[in-house]
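The values are calculated or read from the model by the stated rules, or taken from the named source; none is laboratory data. Just so we're clear, the structure is a prediction, and the values are computed from it rather than from any experiment. Cβ coordinates were reconstructed from backbone atoms using ideal geometry, including for glycine residues, and neighbour counts include every protein chain displayed. Keep in mind that these areas ignore ligands, DNA and RNA; they rest on the heavy atoms of the full protein, side chains included. Shrake-Rupley method; radii C 1.70, N 1.55, O 1.52, S 1.80 Å.
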Amino acid sequence: MQTTLYSGFGVWDPVIWTIAGAVILLLVYLFWRSGVSTYRKGSEQERPYLSGNAEPEKNAVHIGGGNLYWGFTEGLKGYYSRLVPVHTGDLNDYMLWYFGVLVAVCALVVIFQ
Amino acid sequence: MLTQLPYLAVVLIAGIGIATILLKKNLIKMIMGLGVLTGSANLFLVTLGYRDGGIAPIYTSAPEGVMVLSTVQAMTVTNIVIGFATTALLLAFAIMLYRKYGSVETGDIRRLRE
Amino acid sequence: MSQYVPLLVALPLIAAFAMPLVGMLGKTIRNSLAIIAMAGTVTAALLLVYEVLVNGTIIYAFGAFDPSLAIPFDSGGVPIRILFVIDAMSAFMVLTAAIMMFAVVLYSLSSESEQTGQDGYYALLFLMMVGIFGMVTTGDLFNFFVFLEINSLAGAALAAYRINKGLSVEGGLKYAFISTIAGLFFLFAIGMLYGQYNSLNIAYIASVIDLTGLSLVALVLMITSLAMKAGSVPMHFWTPDTYSSAPSSITAILIVSSMASLYAIFRVAFSLYGVTMNVVTIGWIIIILGILSMFIGVSMALPQKDVKRLMAYHSVSQIGYMLVGLGVGVAVLGDTQMMNEFGLVAMEGGIFHIINYALYKGLLFLIAGAVIYRCGTRNLNELGGLGHSMKWTMGFFIIAALAIAGIPPFNGFASKILIYESVFIFNPYISVIAMVVSIMTLASFVKVFHSMFMGPKLPQYAEVKEVPLPMLIGMGLLAALIILFGLFPDLVVNLLIEPAALAFIDQSGYISSVMGGI
């Protein structure tokens with residue numbers, strides 16, 4: 001079966017890619033296996049090690065979604081502080097946007113006829 | 001000029017409907033604006049289909065004259081029914097929102113935002 | 001004449017209205033009716049698609065024995081009957097819708113099993129199916145409007161079905177209001193066309209259309225209304241509200257319904273107007289809407305805390321890819337050299353993205369539904385550590401998230417590479433934006449993955465276990481298709497996508513299939 005996708009500019013063959021990925025995973029597995037195994041299930045090793053301190057409660061360890069990408073939104077503060085308030089949740093504003101776009105597109109179409 | 005009058009009425013009524021939807025904050029009034037807009041669409045369709053001196057295409061003892069294909073009238077009837085259904089649904093939503101939020105002002109119906 | 005065409009609409013319609021009656025007999029009987037009706041519709045859809053791919057465009061004239069009677073001999077060459085025209089593109093949309101519906105009905109059987117009012121739920125679900133199948137198969141403008149309204153009404157009612165302290169009703173209200181406005185302005189446009197050309201048939205209007213001022217206004221009204229229904233920026237505000245508040249299975253169907261609107265934009269642009277309009281202007285307007293949708297959608301998705309809201313913003317962003325891909329096709333329409341050079345590939349990418357998007361986005365929403373079903377919350381700050389207990393769901397999530405981010409070898413990559421490489425020749429900047437958006441998509445799904453599945457097993461979710469089997473089957477079906485489409489993109493492109501793209505470009509073929517030799 002032919003699996004190559006010709007985009008007209010290049011080719012993309014997912015099967016070859018997948019086989020290559022599988023070979024790499026196999027190699028990784030072989031390397032990993034040849035290491036020294038000192039891991040024992042159910043022993044002290046399964047517990048998290050925090051420099052000898054007591055482990056905090058589970059909820060305190062997990063980083064929730066709200067904390068991720070804080071730096072990104074902080075860095076683009078100027079953009080987000082304008083963009084987010086536009087989503088007002090007010091039905092009147094939604095309709096205003098629709099009619100605005102309608103008029104704008106109409107104008108564009110008439111100008112660039 | 002006189003034949004253009006209904007189209008002017010369509011624009012006027014549609015304008016009233018759109019203005020109501022954009023300017024009124026009360027949900028019931030917005031739904032009313034929607035009803036007005038539906039009305040203007042119906043008027044527009046019926047006006048399009050009007051042919052002066054035409055008769056309905058009912059062949060039983062039909063008088064002399066040009067028969068008019070009544071597609072537009074059928075469309076209008078369909079749109080009236082659809083308009084009725086949407087208005088009923090929207091009003092039902094408004095009732096439910098009033099029960100849950102205690103208000104039908106669009107300024108208060110914005111717990112989903114940002 | 002194919003007998004499967006009317007079944008596509010009739011079967012779900014009968015099932016929808018039988019549902020409340022059958023519901024009185026008992027739960028098992030009603031559920032089996034839902035499965036039987038669904039299986040029947042999907043079978044009819046698949047047979048229809050097969051027939052179209054083998055025999056070419058199918059015309060079905062309602063109330064006539066033979067499609068050649070579509071145009072009565074004494075009508076002066078105007079088609080009066082309501083026609084269903086299924087060309088390769090419609091067949092492709094029918095296939096997409098059928099797959100999604102099948103997965104959603106299977107999923108609903110268990111996700112809704114403990115809820116009240118299931119009779120109405122299934123009735124509305126099947127009504128929505130009628131609307132979607134009708135929208136993508138009809139060849140008549142007013143008929144399209146009626147199906148659009150059926151679809152919007154059923155969709156809004158379903159979105160608001162589980163009241164959820166009023167939040168769902170708010171989402172449903174916004175959806176209903178906006179769809180009604182869009183529908184009304186679409187009707188105005190239909191009136192403008194009917195007033196000029198005395199017909200509602202798309203093919204007939206296309207054969208006689210010329211660019212009067214009124215036709216131009218009608219075009220703008222149609223495109224903006226349908227773009228709002230599809231949820232493109234800057235008319236996307238309802239999408240996150242409605243998608244996040246509706247039940248997850250319904251959101252997956254709302255996705256299909258927005259796809260049907262997207263299809264209609266391009267049916268209007270390619271088949272109805274074609275080269276009559278100024279294709280460069282219209283094409284660029286669609287492309288600009290697409291770029292805005294891509295970028296604003298994804299940048300709004302990144303800081304979201306509600307998992308369904310985040311995914312809803314992604315669906316805005318993914319709509320942008322399709323608008324760009326197909327918009328490039330519109331912009332180079334009529335220019336054979338540019339069309340052959342990159343326009344066709346861009347369109348293939350856009351069309352391929354429709355089915356890919358429906359698959360992985362539907363799967364993502366079903367996964368979000370599975371997590372909410374077990375954990376009862378959708379807040380990413382509260383979720384965590386579910387990878388320990390919901391292993392299958394996590395596996396499906398990884399597949400869907402990699403697919404949406406365009407990571408090989410999943411299906412999202414196949415369609416995105418077609419869009420990137422062809423749009424790059426048209427305008428390199430658009431391609432660069434598309435890639436940046438793809439990276440941001442990956443970033444935000446890493447966030448979802450981390451906060452839902454990673455981390456230690458949290459004590460409050462200690463009791464959480466894997467979702468029931470029918471839900472897993474519904475999700476597994478979509479995941480399997482994602483992998484299949486990713487591994488054999490060439491097969492899908494040759495079999496389904498290329499005929500669909502060619503059907504869009506070939507306006508005269510569309511016209512002559514309906515109008516015959518006239």
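Tell me, what is the FRET efficiency for residue B:62 and residue C:28 to the nearest 0.05, using R0 = 60 angstrom and their Cβ-Cβ distance as r? Spell out each step's value before the answer.
Values: r = 56 Å, r/R0 = 0.93.
Working from the Cβ atoms, E equals 0.60.
How large a share of the accessible area of the protein assembly as shown, in percent, is made up of carbon and sulfur atoms when the probe is 1.4 Å and the other protein chains stay in place? Before the final figure, lay out the partial values.
Working: 19770 of 28970 Å².
Here it works out to 68 percent.
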Checklist entry - Of C:165/C:305; A:77/B:29; C:361/C:465; A:77/B:25; C:229/C:391, which ones are farther than 29 Å apart at the Cα? => result A:77/B:29; A:77/B:25; C:229/C:391
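So for each of A:45-54, C:426-435 I average, over its residues, the number of other beta carbons within 10 Å; can you give me the resulting order with the highest mean first?
Details: A:45-54: 7.6, C:426-435: 16.8.
The densest-packed peptide leads the list: C:426-435, A:45-54.
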Next on the checklist: How many angstrom lie between the Cα centre of the stretch C:313-340 and the Cα centre of the stretch B:50-79?
Outcome noted: 43
Checklist entry - What does the highest-first list of A:59-67, C:319-327, C:201-209 look like by mean Cβ count within 10 Å? => result C:319-327, C:201-209, A:59-67
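Relative to the Cα centre, what is the charge dipole magnitude of the stretch C:278-487, using +1 at the beta carbon of each Lys and Arg, -1 at the beta carbon of each Asp and Glu, and rounding to the nearest 20 debye?
On the way: 11 positive and 8 negative charges, 154 e Å.
Result for the stretch C:278-487 is approximately 740 debye, rounded to the nearest 20.
Would you mind giving the mean number of other chain beta-carbons within 10 Å of the Cβ of each residue in C:430-443, as a whole number? Don't skip to the answer; put the middle values down first.
Numbers: counts 0, 0, 0, 0, 0, 0, 0, 0, 0, 0, 2, 0, 0, 3.
Mean inter-chain Cβ contacts per residue within 10 Å come to 0.
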Next on the checklist: Placing +1 on the Cβ of each Lys and Arg and -1 on the Cβ of each Asp and Glu in chain C, which of C:325, C:191, C:474 has its Cα farthest towards the positive end of the resulting dipole?
Outcome noted: C:474
Checklist entry - When you take every Cα atom in the stretch C:278-487, what is the radius of gyration, and what is Dmax, the widest Cα pair distance, in Å? => result 18.3, 63
Item to check | the stretch C:61-188 shape via C-alpha gyration tensor axes, a/c threshold 1.5 | outcome: prolate
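Kindly give Rg over Rh for the protein assembly as shown, based on alpha-carbon atoms, with the Kirkwood expression for the hydrodynamic radius.
Values: Rg = 26.3 Å, Rh = 26.8 Å.
A ratio of 0.98.
Using a probe radius of 1.4 Å on protein heavy atoms only, what is the accessible area buried between chains A and B, both sides summed, to the nearest 100 Å²?
Numbers: alone 11050 and 8480 Å², together 18550 Å².
For A against B, buried area totals roughly 1000 Å².
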Checklist outcome for this item: If every Lys and Arg gets +1 and every Asp and Glu gets -1 at its Cβ, then about the Cα centre the protein assembly as shown yields a dipole, in debye to the nearest 20, of 2080
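Mind checking the per residue accessible area of chain B for me, 1.4 Å probe, whole number of Å²?
Numbers: 6560 Å² over 114 residues.
In whole numbers, chain B has 58 Å² accessible per residue.
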Item to check | 1.4 Å probe accessible area per residue over the stretch C:278-487, in Å² | outcome: 28
Checklist entry - To the nearest 0.05, how large is the calculated FRET efficiency for residue C:512 and residue C:74 if R₀ is 30 Å and r is the Cβ-Cβ distance? => result 0.90
Item to check | Positive-pole candidate from B:16, B:71, B:104, dipole of chain B, charges at beta carbon | outcome: B:104
Next on the checklist: Please compute, for peptide C:239-246, the average count of beta-carbon atoms on other protein chains lying within 10 Å of each residue's beta-carbon.
Outcome noted: 2
Checklist entry - Sorted by average packing, counted as other Cβ atoms within 10 angstrom per residue and highest first, what order do A:79-86, C:12-19, C:347-354, C:301-308 take? => result C:347-354, C:301-308, C:12-19, A:79-86
Item to check | Phi-based couplings in Hz for the stretch C:192-208 (Karplus 6.51, -1.76, 1.60; Gly and Pro marked x) | outcome: 4, 6, 4, x, 8, 10, 6, 8, 10, 6, 4, 5, 5, 4, 4, 6, 10
Checklist entry - Just counting partner chain Cβ atoms within 10 Å, what average do the residues of peptide C:382-389 show around their Cβ? => result 2
Checklist entry - Once amide H atoms are placed 1.01 Å from N in the peptide plane, what residues at a sequence separation of 5 or more from residue A:89, or on another chain, have their amide H within under 5 Å of its amide H? => result B:114
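If the only charges are +1 at each Lys and Arg Cβ and -1 at each Asp and Glu Cβ, what is the size of the charge dipole of chain C around the Cα centre, to the nearest 20 debye?
Details: 19 positive and 23 negative charges, 316 e Å.
I would put it at about 1520 debye.
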Checklist entry - Which of A:104, B:39, C:397 sits closest to the plus end of the dipole of the protein assembly as shown, meaning its Cα is farthest towards the positive end, when Lys and Arg get +1 and Asp and Glu get -1 on the C-beta? => result C:397
Next on the checklist: Give me a comma-separated list of calculated 3J(HN,Hα) values for the stretch C:417-424, in order, Karplus coefficients 6.51, -1.76, 1.60 applied at θ = phi - 60°, integers in Hz, x for any Gly or Pro.
Outcome noted: 5, 4, 5, 3, 5, 7, 5, 4
Checklist entry - How large is ³J(HN,Hα) for each residue in the stretch C:329-334, as worked out from phi by the Karplus curve 6.51 cos²θ - 1.76 cosθ + 1.60 (θ = phi - 60°), to whole Hz, x for Gly and Pro? => result x, 5, 5, 9, 4, x
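Counting only protein heavy atoms and rolling a 1.4 Å probe, how much accessible area do A and C lose on contact, total for both sides, in Å² to 100? Before the final figure, lay out the partial values.
Numbers: alone 11050 and 18240 Å², together 24360 Å².
Roughly 4900 Å².
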